[in-house]
Amino acid sequence: MSSVKVKATIVEDNTGIKSQLPILITEQGEVGSVTDYLLKMEADGASNALMNGFIQATSLLLDYMEANKGLFEDPKMLFQTFAKRLYTGTIGEDGLDPSGLYW
């Protein structure tokens with residue numbers, strides 16, 4: 001699932017106070033749970049670098065899930081394997097990556 005990071009202006013309530021945050025958008029629209037977590041991170045004083053790192057990791061996870069759709073019944077195993085691929089990369093010793101991720 002391809003995703004893109006965009007800067008958004010978010011109004012959470014009727015005060016009209018705005019937050020400018022990076023958010024993640026896919027073909028299906030905004031990833032609401034990611035935006036909610038970013039708002040919490042902002043409230044907790046997280047740096048922009050930390051929020052951008054969270055978005056990057058989430059985007060990689062979404063890409064990994066799409067490339068391996070139907071292979072994992074257990075979400076825990078999917079996440080463990082994703083974490084392993086972050087460490088090892090997805091490119092084989094032959095220089096190929098059948099998943100098409102090429103990290």
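The values are calculated or read from the model by the stated rules, or taken from the named source; none is laboratory data. Since we're looking at a predicted model, the values are computed, not measured. FYI the Cβ positions are ideal-geometry reconstructions off the backbone, even for glycines, and counts take in every protein chain you see.
Within segment 16-25, restricting attention to residues that are out of contact with any helix residue (DSSP H, G or I) (no Cβ under 7 Å at 6 or more places or on another chain) and surrounded by 11 or more Cβ atoms within 10 Å (Cβ to Cβ), the residue that is nearest to D63 (Cα to Cα) is I25.
Residue count for segment 20-46 under the criterion of being of a type in the set (S, T, N, Q) and either modelled with pLDDT under 95 or within 19 Å of W103 (Cβ to Cβ) (or both): the result is 3. Here is the figure for segment 43-96: residues that are more than 21 Å from V6 (Cβ to Cβ), in a helix (DSSP H, G or I) and of a type in the set (A, V, I, L, M) total 5.
Answer with yes or no whether A49 is out of contact with any Asp or Glu (no Cβ under 6 Å at 6 or more places or on another chain), of a type in the set (G, A, S) and more than 23 Å from Y102 (Cα to Cα). Yes: the conditions hold for A49. Note on segment 16-42: residues that are charged (D, E, K, R), closer than 13 Å to K5 by Cα and assigned to a strand (DSSP E or B) total 1.
Taking the stated definitions as given, is D13 surrounded by fewer than 16 Cβ atoms within 10 Å (Cβ to Cβ) and either modelled with pLDDT under 95 or in contact with a Gly (Cβ under 9 Å, 6 or more places away or on another chain) (or both)? Yes.
Residues in segment 52-67 that are of a type outside the set (S, T, N, Q), under 18 Å from S99 (Cβ atoms) and touching a strand residue (DSSP E or B) at 6+ places or on another chain (Cβ under 6 Å): 1 in all.
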